[in-house]
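Visitor: Input: one structure, supplied below.
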Amino acid sequence: MIDRFSRSVALRNLGFNLGQSALTVGVVAISVTLVIFLGALIGGLQRRLISSVTGSVPHVVVRQAERDPVAAWDLPRTGPDAPIVVGEEVKLQQRKMKIEDWAVWTSRLRDFDPDILAVSPVVEGQAILARGEKRQSISVTGVTPELHNKVVEIEDKLVSGRFFGLNGGEAAIGFKLAEEFAVRLGDKVRITSSEGTVGDYTVAGIFDTGFAAVDGRTVFVTLRDAQSLFQLGGAVTSIGLKLRTIFEADTLAARLMTQMPYEAESWMEQNQTLLSGLRAQSQSSNLIIGFTVVASGFGIAAILIMAVVSKLREIGIYKAIGATRRQILATFTFQGTLLALVGSLVGTALGVGLTLGLMQVRMAASSTGRTVEVFPMMLTGGLIATAIGMATGVGFLASLYPAWRAARVDPIEVIRGA
Amino acid sequence: MSGGMDGMDTMDEMDARAAVAGDDDAATQVFDIDKIFTDGITTQVLFDVNLTVRKGEFLAIIGASGSGKTTLLNIIGLLDKPTRGRVMLSGRDAAALSEDERARMRRDYLGFIFQFHYLSPEFNVLENALMPCRLRGRAAERENTDRVQGLLERVGLGDRLRNRPSQLSGGQQQRVAIVRALANDPMLVLADEPTGNLDSKSGRGVFDLMRELNQATGKAFVIVTHDEMFAKEADRVVHIVDGRIE
Ligand SMILES: Nc1ncnc2c1ncn2[C@@H]1O[C@H](COP(=O)(O)OP(=O)(O)OP(=O)(O)O)[C@@H](O)[C@H]1O
Ligand SMILES: [Mg+2]
């Protein structure tokens with residue numbers, strides 16, 4: 001495709017006009033640096049935003065469908081469709097939201113779809129935490145720690161104590177709660193559930209997840225303890241799922257609903273505004289990237305046209321002594337594409353360097369000494385490949401017009417015009 | 001005037017005979033060439049030109065400025081197309097060929113020497129001389145390197161193979177251009193005022209060199225020149241007057 005003539009003339013041109021070559025490489029490199037930096041930053045920001053909502057909750061939660069309470073006397077009592085009222089009547093005419101056959105569903109869910117990474121049965125309820133005079137409303141989450149940690153990470157976020165191997169009568173609490181109540185490992189706290197059940201728990205673990213709602217309000221106990229706190233017998237209130245592809249949560253939840261007698265709610269339903277915000281952000285960053293790449297394309301085209309114009313005489317002579325249009329076309333497209341490729345490699349090195357450098361900058365995020373990146377960056381092979389591919393492709397496209405101009409040079413004009 | 005017409009008639013008969021004979025002896029032939037330029041105002045530059053260049057022949061074309069010498073040479077060299085008439089090179093009518101096919105014909109059958117050397121500043125002397133071979137590909141370049149290097153030595157540039165063209169004198173540059181014209185072992189070398197840009201001494205040297213290479217290699221040369229002295233030394237001289245061969 002690119003023969004010896006085209007290759008050697010292109011390479012010599014590049015070497016002979018080093019300034020021009022460097023300029024082109026620079027234009028492409030800057031645009032690729034920008035694309036990689038911007039892409040990594042937007043990706044990182046989005047990942048941070050998404051994990052700020054998905055990091056503390058399961059991607060999909062399966063629970064008893066919520067139904068509006070209906071007074072018994074309002075129910076139609078005649079006809080073949082007359083309802084049979086089932087379920088345990090509780091205060092406020094609300095049915096307890098519970099899943100009795102969770103063990104069956106937990107194992108079925110594990111096999112339901114390979115996208116489901118982990119399944120954890122959960123008992124959740126409201127309670128009051130008390131120690132001495134101090135009391136505060138909290139959320140009690142009863143889990144099997146080893147299972148639940150696969151859905152929502154806690155173990156890695158421990159500041160002290162343990163989460164795995166939590167025993168009956170033990171609780172793991174957020175560091176903010178611990179600070180507020182001035183409790184340390186081994187201290188006792190009292191939990192009074194919304195059902196009125198009271199239990200004393202020993203603080204066995206203190207965690208710092210970085211999510212204020214979790215660190216300041218959540219108390220983990222064992223599944224069994226929570227079941228008795230909320231008088232659920234053997235039932236749980238929900239089943240949490242973790243997915244491999246978090247953006248599949250919506251469709252997976254919808255599929256689950258058609259096959260389960262329960263409701264499945266994805267994190268996406270809860271965060272529609274965030275998601276549409278993210279989409280808008282992606283679009284505007286794509287727009288910026290697009291403009292950058294197009295601008296660099298025009299830069300390459302302009303420089304190459306200059307190169308062609310300064311070489312009109314030589315091109316004419318090459319054609320006079322037998323270069324075909326194809327050979328001239330190949331020469332200059334090769335020249336432009338090669339420059340763009342070199343430029344994108346340089347730009348990749350710069351962009352990756354810049355990104356990795358900024359990723360090192362961290363700042364303290366909480367009193368426990370946990371740090372976070374100041375610039376959330378997400379550098380992926382896909383992003384780099386896209387940047388290189390796009391810049392090189394644009395280089396090729398941008399070189400087509402100058403190359404076509406070169407191929408059209410009429411040798412007669414050159415010979416006469418001297 | 002009538003003498004001129006007679007001359008043309010004679011030429012016509014000669015070309016006709018060559019055509020009948022299968023032009024085995026011809027390096028190139030043009031028949032009944034008219035050339036009319038239509039850009040801007042319409043001007044006819046060549047009128048019914050017939051010319052046969054024999055193999056190995058050293059032919060000089062002379063004529064006043066503006067008489068159509070360059071135009072004719074460009075048509076013989078397949079750089080330009082005649083408005084009417086045929087250009088036969090290696091048994092093919094070049095008028096029927098596409099632009100790229102004519103480029104390949106130029107590359108394989110013709111050598112060009114211009115008034116200016118037009119060497120590429122990016123390449124050294126040997127590479128410049130080998131450029132027509134390089135246009136054909138790596139194999140052709142490899143096969144011809146020794147011969148081209150020999151030619152460069154013969155024209156006195158054996159110690160300048162790796163020099164840039166800008167490091168040579170005008171006469172030396174034109175010698176490289178002459179070797180380049182012979183690189184693909186062409187049938188015919190076309191030279192448009194090859195000494196026009198040189199002082200008389202190096203012009204003389206370049207002319208002698210072409211004559212010498214013509215005799216040594218047996219390639220036909222067609223040389224446009226203003227110099228009557230050079231023309232006298234050619235095998236044959238063709239006069240062009242106002243676009244007609246006398
Ligand atoms: N592209 C063109 N359009 C119009 N007229 C042209 C064109 N090219 C050449 N001519 C005219 O054709 C005529 C012959 O030009 P040509 O270059 O063949 O002359 P020449 O014999 O080579 O002259 P010189 O000795 O000065 O080189 C001139 O009058 C020139 O102006
Ligand atoms: Mg001329």
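Visitor: Pull up segment A:13-31, narrow it to residues that are surrounded by 18 or more Cβ atoms within 10 Å (Cβ to Cβ) and within 13 Å of chain B (Cβ to nearest Cβ), then point me to the one that is farthest from B:MET131 (Cα to Cα).
Guide: Residue satisfying both the conditions and the ranking: A:SER21.
Visitor: Moving to a separate point now. Please note which helices (runs of 4 or more DSSP H) are completely contained in segment A:196-308 and include at least 1 residues that are more than 16 Å from A:GLY125 (Cβ to Cβ).
Guide: Details: elements: A:212-217, A:223-229, A:249-259, A:267-270.
Qualifying helices (runs of 4 or more DSSP H): A:212-217, A:249-259, A:267-270.
Visitor: Could you tell me whether segment B:182-197 includes any residue that is within 16 Å of B:ARG106 (Cα to Cα), within 13 Å of the chain's Cα centre (by Cα) and assigned to a helix (DSSP H, G or I)?
Guide: yes
Visitor: Evaluate segment A:281-300: report whether one residue or more is more than 27 Å from A:GLY44 (Cβ to Cβ), more than 14 Å from every other protein chain (Cβ to nearest Cβ) and more than 42 Å from the chain's Cα centre (by Cα).
Guide: Within segment A:281-300 (the criterion being more than 27 Å from A:GLY44 (Cβ to Cβ), more than 14 Å from every other protein chain (Cβ to nearest Cβ) and more than 42 Å from the chain's Cα centre (by Cα)), the answer is no, since none of the residues qualifies.
Visitor: For segment B:35-89, which residues satisfy the criterion of being away from every other protein chain (no Cβ under 14 Å) and outside any strand (DSSP E or B)?
Guide: In the first step, residues of segment B:35-89 are kept if they are away from every other protein chain (no Cβ under 14 Å); the result is B:36, B:38, B:40-44, B:46-64, B:67, B:83-88.
Matches in segment B:35-89: B:THR38, B:GLY40, B:ILE41, B:THR42, B:LYS55, B:GLY56, B:GLU57, B:ALA64, B:SER67, B:THR83.
Visitor: Ok, one more. Return the total of residues in segment A:322-379 being part of a loop (DSSP other than H, G, I, E, B), of a type outside the set (D, E, K, R), surrounded by 14 or more Cβ atoms within 10 Å (Cβ to Cβ) and in contact (Cβ under 8 Å) with a residue 24 or more places away in the chain. Quick ask: steps written out before the conclusion?
Guide: As a first pass, look at segment A:322-379 and keep what is part of a loop (DSSP other than H, G, I, E, B): A:322-324, A:361, A:365-370, A:374-379.
Retained after the next criterion (residues that are of a type outside the set (D, E, K, R)): A:322-324, A:361, A:365-369, A:374-379.
The next check asks that each one be surrounded by 14 or more Cβ atoms within 10 Å (Cβ to Cβ); those that pass are A:322-324, A:366, A:368, A:375-379.
Subset that is in contact (Cβ under 8 Å) with a residue 24 or more places away in the chain: A:323, A:366, A:368, A:375-379.
Of the residues in that region, 8 qualify.
Visitor: Consider segment B:34-76. How many of its residues are within 16 Å of ligand 2 (Cβ to nearest atom), over 21 Å from B:ASP227 (Cβ atoms) and either hydrophobic (A, V, I, L, M, F, W, C) or within 13 Å of the chain's Cα centre (by Cα) (or both)?
Guide: 5
Visitor: Now, a different point. Out of B:GLN174, B:GLN149, report the one residue that is away from ligand 2 (no atom under 16 Å from the Cβ), within 14 Å of chain A (Cβ to nearest Cβ) and not in a loop (DSSP other than H, G, I, E, B). Before you say what the answer is, go through the steps one by one.
Guide: Details: B:GLN149 fails: within 14 Å of chain A (Cβ to nearest Cβ).
Result: B:GLN174 is the single residue among B:GLN174, B:GLN149 that is away from ligand 2 (no atom under 16 Å from the Cβ), within 14 Å of chain A (Cβ to nearest Cβ) and not in a loop (DSSP other than H, G, I, E, B).
Visitor: On the basis of being away from ligand 1 (no atom under 16 Å from the Cβ), crowded, with 18+ Cβ neighbours inside 10 Å and within 13 Å of chain A (Cβ to nearest Cβ), does B:ALA139 make the cut?
Guide: Numbers: away from ligand 1 (no atom under 16 Å from the Cβ): yes; crowded, with 18+ Cβ neighbours inside 10 Å: no; within 13 Å of chain A (Cβ to nearest Cβ): yes.
Considered against the rule, which asks whether it is away from ligand 1 (no atom under 16 Å from the Cβ), crowded, with 18+ Cβ neighbours inside 10 Å and within 13 Å of chain A (Cβ to nearest Cβ), B:ALA139 comes out as no.
Visitor: Within segment B:77-103, count every residue that is under 16 Å from the mean Cα position of the chain (by Cα) and either of a type outside the set (Gly, Ala, Ser) or within 16 Å of ligand 2 (Cβ to nearest atom) (or both).
Guide: Residues meeting the conditions: 9.
Visitor: Only one of (1) away from ligand 2 (no atom under 16 Å from the Cβ); (2) hydroxyl-bearing (Ser, Thr, Tyr); (3) within 26 Å of B:GLN44 (Cα to Cα) fails for B:THR225. Which number is that?
Guide: Going through (1) away from ligand 2 (no atom under 16 Å from the Cβ); (2) hydroxyl-bearing (Ser, Thr, Tyr); (3) within 26 Å of B:GLN44 (Cα to Cα) one by one, B:THR225 breaks only (1).
Here, each number is a calculation from the coordinates, and none is a lab measurement. Computed from a predicted structure; not experimentally measured. When we count neighbours, we look across all protein chains shown, and the Cβ atoms used for this are built from the backbone with ideal geometry, even at glycine.
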